[in-house]
Amino acid sequence: MNFLLRPFKLRFGANKEYYQAINNVFGICPDNIELYKLALIHRSASITLEDGRTMNNERLEFLGDAVLESIVSDYLFIEFPDKSEGFLTKLRSKIVSRSTLNNISTEIGLSRYVVLQHHAAHSQKHLYGDAFEAMIGAIYLDKGYNFINRLVINKILKERFNIDELIQTETDFKSRIIEWAQKNHKHIRFDTEPDVSFSENMPVFKSTIVISNNAESCGGGSSKKEAEQAAAKLLMEKINSGYEI
């Protein structure tokens, strides 16, 4: 029945723009369009109900995060039968990272439909990745696990990722810097705190890497983890270029 109604939903009715958007991005026709509409509402544009509750995509994001991690885990487990748990964990982390999902959301065109206040686009750079996870949650609730599993594998993992290149990509710079410090008998610490100079166009956190009481590198990000990784990446680049500590 939904297949027969699909042309009508795409051309007529109050929600035709939403049906067209979901069809353009994912190639599917929703059964419960309200789930998809909610998945596109960032918390900066939350809807307040008469009873005072606010509605946005955060709950769907929470659900979608778990569903996506489950699908990717299952996929990698099958694709790499001889690899260790550590290898699978690192590769999964690269695939489901906020920066990766943010890029995917932009590539498939989902970012064009996210509803948000203007300032949020500057201060929360991973909001499109969050919307992608919320959409995964919406599709899961609307179509079921088997449907979203096939969609993610065929439309996202196989079409949008080069797994071989991803395996070679380094993302955990903090661990590499800590290993380097241990190998070279250096005392290292990360001083990470909220950035007091924060504005709409600046990071929320700032991290400074201190080695033997000397500040060697600084990085910023929208979370403590992101700021520390940015600082570690910069320091690793300096070390690789011949910088001596």
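The values are calculated or read from the model by the stated rules, or taken from the named source; none is laboratory data. Here the structure is a predicted model, which means the values were calculated and not measured. Quick reminder, even Gly has a Cβ in these numbers, built from the backbone with ideal geometry, and neighbours come from all protein chains shown. Accessible surface areas use protein heavy atoms only, side chains included; no ligands, DNA or RNA. Shrake-Rupley method; radii C 1.70, N 1.55, O 1.52, S 1.80 Å.
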Which numbered condition residue 196 fails, given (1) at pLDDT 90 or above; (2) out of contact with any helix residue (DSSP H, G or I) (no Cβ under 9 Å at 6 or more places or on another chain): (1)
Number of the condition not met by residue 37 [criteria: (1) without any contact (Cβ under 8 Å) to a residue 12 or more places away in the chain; (2) charged (D, E, K, R); (3) under 28 Å from residue 22 (Cβ atoms)]: (1)
Verdict on residue 176 being assigned to a helix (DSSP H, G or I) and either touching a residue at least 40 places away in the same chain (Cβ under 8 Å) or of a type in the set (S, T, N, Q) (or both): yes
Residue tally, condition open to solvent by less than 20 Å² (accessible area, probe 1.4 Å) and part of a loop (DSSP other than H, G, I, E, B), over region 14-35: 3
Residue that is within 23 Å of residue 159 (Cα to Cα), open to solvent by 30 Å² or more (accessible area, probe 1.4 Å) and of a type in the set (Lys, Arg), where the choices are 59, 112: 112
